[in-house]
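Read the figures in this text as sums done on the coordinates, not as results from a lab. Model, not experiment: these values are computed from the prediction. Here the Cβ positions follow ideal geometry from the backbone for every residue, glycine too, while neighbour counts run over all protein chains shown.
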Amino acid sequence: MNILEFLSKKAIITDVKSAKKEDVIKELVEVLIRADEIEGRYQNKLIEALIARESLGSTAIGHGVAIPHAKIEGIKKLVAAFGLSKKGVDFDSLDGEPAYIFFLLVAPQDSAGPHLKALARISRLLKDKYFRDNLRACQDDKSVINIISQEDEKKI
């Protein structure tokens, strides 16, 4: 599974404004709605599901990366938004470091397989320091897409 199969090219922000975990989640959900990937009527339900998931344990996996994710009823397909914070956000990461790179993943309620494959793919790629550093250096959505595309082609 390639990341560009589910990452919305219209849902990429390289200057996340939010400084708090919940606000980052809201900002990325709004980006998915503006990109017409999710209907606006699911906004509150999705934010609640994502925050509820965070209360079970942080989705910040360390090394400046967070992958907030949730499955909810009414979502038609697996989709992700990407966010980059220049300042970093306290996301209750296991390593205590702020998160700079965000992949927000949303899946239909009944899509355990694709949801887990997408999480595994993102996690595997983001273990690579070179890849993380390249993403953090991105200034616009086109450079984010180019870097992810290059990694997708490697088929790790």
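Summary of values
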quantity: Among the candidates Lys76, Lys142, Lys87, Lys129, residue that is surrounded by fewer than 21 Cβ atoms within 10 Å (Cβ to Cβ), without any contact (Cβ under 8 Å) to a residue 24 or more places away in the chain and more than 16 Å from the chain's Cα centre (by Cα); calculated: Lys142
quantity: Count - residues of segment 119-149 that are touching a helix residue (DSSP H, G or I) at 6+ places or on another chain (Cβ under 9 Å) and either in a loop (DSSP other than H, G, I, E, B) or among the basic types (Lys, Arg) (or both); calculated: 5
quantity: Selection status of His63, touching a strand residue (DSSP E or B) at 6+ places or on another chain (Cβ under 9 Å) and farther than 15 Å from Leu7 by Cα; calculated: yes
quantity: Residue count for segment 24-55, restricted to those that are in a helix (DSSP H, G or I) and either under 22 Å from Lys127 (Cβ atoms) or in contact with a helix residue (DSSP H, G or I) (Cβ under 7 Å, 6 or more places away or on another chain) (or both); calculated: 14
quantity: Options Ala81, Ala107, Ala120; residue that is within 15 Å of Phe6 (Cβ to Cβ) and free of Cβ contacts under 8 Å to residues at least 24 places away in the same chain; calculated: Ala120
quantity: Scope segment 94-118; condition surrounded by 20 or more Cβ atoms within 10 Å (Cβ to Cβ) and out of contact with any helix residue (DSSP H, G or I) (no Cβ under 7 Å at 6 or more places or on another chain); matching residues; calculated: Ala99, His115, Ala118
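Listed here are the residues, each with its yes/no results for (1) in contact (Cβ under 8 Å) with a residue 12 or more places away in the chain; (2) farther than 24 Å from Gly57 by Cα; (3) in contact with a Pro (Cβ under 8 Å, 6 or more places away or on another chain).
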site: Met1; (1), (2), (3): yes, yes, yes
site: Ser8; (1), (2), (3): yes, yes, no
site: Ile12; (1), (2), (3): yes, yes, no
site: Val16; (1), (2), (3): yes, no, no
site: Ala35; (1), (2), (3): yes, yes, no
